[in-house]
Every structure is written in structure tokens, then in C-alpha cells.
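One structure is given here, and the rest of the page talks about it.
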Amino acid sequence: MKKNQLVLILLVLTSSVCLAQGYRPGGNRSRGQVQIVGDVAVNQLVQRHIELNERVRTIPGYRIQVASLSGTSSKNRAFDMKERIHASYPGVEAYVVFDEPNFKVKVGDFRTRLEAYVFLQHIRGEFPGTIIRDNIYPTQINWDEMVPESEDDI
């Protein structure tokens, strides 16, 4: 008797699990469609973020701060240093940034901290006291010339 009751219980549980799936052969099932129900404010916030990214075309990167100069002739010294960097390292951009009251000389448009560190090792002897700064700089990159390093980057 107990064996029959156990089989009956298993049969009832199995059938209820099968019915819980809600499968209807030939029923109207939509595939690949997801409907997200949420607060309207979240959707507006996401839309604002998209608009901001379209207006402000910047990318994260790194620059090396070569000097931070202040004083009476700091502007002239900063631009002289910029020209010296252009002469010593052609193809590497140098920037003079006025961050009151200092003129800062920064070098490079590096995508990773490692790239910046490698270049820092080249210029450290000539420019002691250089440091790597996190930076977000405007995209002045020709995107047509960008080539992925591997197929994984596509």
C-alpha cells in the first residue's frame, strides 16, 4: 500500500511540474522580445547620458606631467620646454595647461597607464620629477586610421 501511495504522489508532483511550465503547443509565443517595465525617470536619465556622450566627445587616457611651473617667467619656460620636447621626441604631443597659478607641461596621449609608464622611463633622465596623470582628453583621433590589434578587439 505504501508503494502505491508513493507512486501516486510522484505522479501528481510530476504532472504539476509539467503543467507549471505553461507550454501550449501551437500557442502564440513571441521569441526574442523583452518588455522592460520601469520608472520613467530611469529612462530619462539614460537618455540624458546618451545625449551627453554624443556632445562631449572625450576618451579616458593618460598624460605625463613633465613640469609644473610658477613665477614671473613660468609661461615662457613652459613653452620653451614644450618646444624642447617636440625637438627631442618627434611625433609625441606636448601640451601647456594653465592651472592657476601654475603652467603645467604635459606629454602624450596614451590609452593605457602602461604605455605612459614606458614613455616615462625614456624621458625620466631628461625631465626628473615627471609623473603620470589620469586624464580625459578630447578625441583628436582619426578613427578611420584605427586598426584593431586582433580580431578580439572588433
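Things worth noting here:
- Close amide H pairs (under 5 Å, H built 1.01 Å from N) link residue 67 with 105, residues at least 5 positions away or on another chain.
- Sorting 118-131, 61-74, 42-55 by average packing, meaning the other beta carbons within 10 Å per residue, from highest down gives 61-74, 118-131, 42-55.
- Once Rg and the Kirkwood radius are both taken over the C-alpha atoms of the stretch 60-138, their ratio Rg/Rh works out to 0.95.
- Additional length obtainable on full extension of the chain from residue 52 to residue 133, 0.36 nm per residue less Cα span: 26.8 nm
- The H on the amide N of residue 59, modeled in the peptide plane, is under 5 Å from the matching H of 137, 139, each at least 5 residues off or on a different chain.
- FRET efficiency for residue 102 and residue 31, using Cβ-Cβ distance with R0 set to 35 Å, rounded to 0.05: 0.05
- Taking 0.36 nm per residue of sequence separation and removing the Cα-Cα distance, the residue 68/residue 88 pair yields an extension gain of 5.3 nm.
- Computed FRET value (nearest 0.05) for residue 111 with residue 40, which takes r as the C-beta separation and R₀ as 35 Å: 0.40
- Point-charge dipole on Cβ atoms (K/R +1, D/E -1) for the stretch 60-138, about Cα centre, debye to 20: 80
- Extension gain, residue 5 to residue 59: 0.36 nm times the residue separation minus the Cα-Cα distance gives 12.6 nm.
- Electrostatic bookkeeping for residue 116 treats Lys and Arg as +1 and Asp and Glu as -1; over the other residues with beta carbon under 14 Å from its beta carbon, the sum is +2.
Computed from the coordinates by the stated procedures, all read-outs in this text should not be read as laboratory data. The shown structure was predicted, so the numbers you read here are calculated from the model rather than taken from an experiment. We place every Cβ from the backbone using ideal geometry, glycine too, and count neighbours over all the protein chains shown.
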